[in-house]
Amino acid sequence: MFKICKYIIYDIIRSKVLVAYALFLLLASIGLFNIEDNGAKAVISLMSIIMVIVPLVSIVFSTTYFYNASEFMELLVAQPIGRTSILLGEYIGVAFSMVCAFFVGIGIPVLIYAPGSTGIVLIISGIGLTMVFTSLAFFSAVSTRDKARGIGLALMIWFYFSVIYDGIVLAVLFAFNDYPLDKVVIALASLNPIDLGRIIILLKLDISALMGFTGAVYKKFFGSAFGMIYSLFMMALWVLIPLLGAIRIFKRKNL
């Protein structure tokens, strides 16, 4: 598995797309920190990039790479190597490469310009989202042999979590605003990894009051030590569940 992972990392590092992604994040980060006189404002702007661009690039690049590496995986399947090891090696290699690109583009500038707990949380959220959407990419790619359908499914997953889900949450809160929704709000936030990352960062910036009723609920729960552990646990589940689903399909799939 580790030899496969090593080969994947070496292959992806030479990719011009990954280099361009890292450079884009690096230029955006340095530019925002130099334009904004307040580090907190730059962090908020970077949060917008992390919540939109990072999931999109992670899921599209990972899905595309999976299909492009299909012949290599067919060759590995013909060898005495377990399919679980093959897919895990592929995932670790792709996820590690994407995380490295994110850290170079955003992690290093944040550590230089905005060191502290808020910057650390921003980096952790970005790394978590990278791993989550790489996992979702593998699940969508394994689910169908057709490359166009796989990429389309990946884009639909990103669009759902980035745009549609927030509309569903607002509709639920508006329809049932006469009922106690504290636990429901927390549950709904847990079902979207992007919302989890956004909430944690906003709480660290101490601007939860701008989020109204839900902000008070989030601060009470996610602002505690238990809430932080819970959010990290849920993010880990978002990585593991799609990946385990992809492994299960891949083991039964006729290549």
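The values are calculated or read from the model by the stated rules, or taken from the named source; none is laboratory data. From a predicted model like this one, the values you see are computed outputs, not experimental measurements. Positions of Cβ are backbone-derived with ideal geometry, glycine not excepted, and every protein chain shown enters the neighbour counts.
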* Looking only at the stretch 93-120, which residues are surrounded by 20 or more Cβ atoms within 10 Å (Cβ to Cβ), in contact (Cβ under 8 Å) with a residue 24 or more places away in the chain and under 16 Å from the mean Cα position of the chain (by Cα)? -> 93, 94, 95, 97, 98, 101, 102, 105, 106
* **Identity of the residue in the stretch 11-22, farther than 16 Å from residue 73 by Cβ and over 19 Å from the mean Cα position of the chain (by Cα), that ends up modelled with the highest pLDDT** => 16
* To do: Report whether or not residue 66 is crowded, with 23+ Cβ neighbours inside 10 Å, in contact (Cβ under 8 Å) with a residue 60 or more places away in the chain and among the aromatic types (Phe, Trp, Tyr).
  => yes
* **residue 85 being touching a residue at least 12 places away in the same chain (Cβ under 8 Å) and either among the small types (Gly, Ala, Ser) or on the phi > 0 side of the Ramachandran plot (or both)** => yes
* Out of all the residues in the stretch 236-253, is one or more modelled with pLDDT of 85 or more, in a helix (DSSP H, G or I), closer than 30 Å to residue 86 by Cα and over 23 Å from the mean Cα position of the chain (by Cα)? -> yes
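Residues checked against (1) surrounded by 13 or more Cβ atoms within 10 Å (Cβ to Cβ); (2) within 22 Å of residue 217 (Cβ to Cβ):
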residue	(1), (2)
128	yes, yes
141	yes, no
146	no, no
150	yes, no
* To do: Could you please let me know if residue 58 is surrounded by 16 or more Cβ atoms within 10 Å (Cβ to Cβ), assigned to a helix (DSSP H, G or I) and under 22 Å from the mean Cα position of the chain (by Cα)?
  => yes
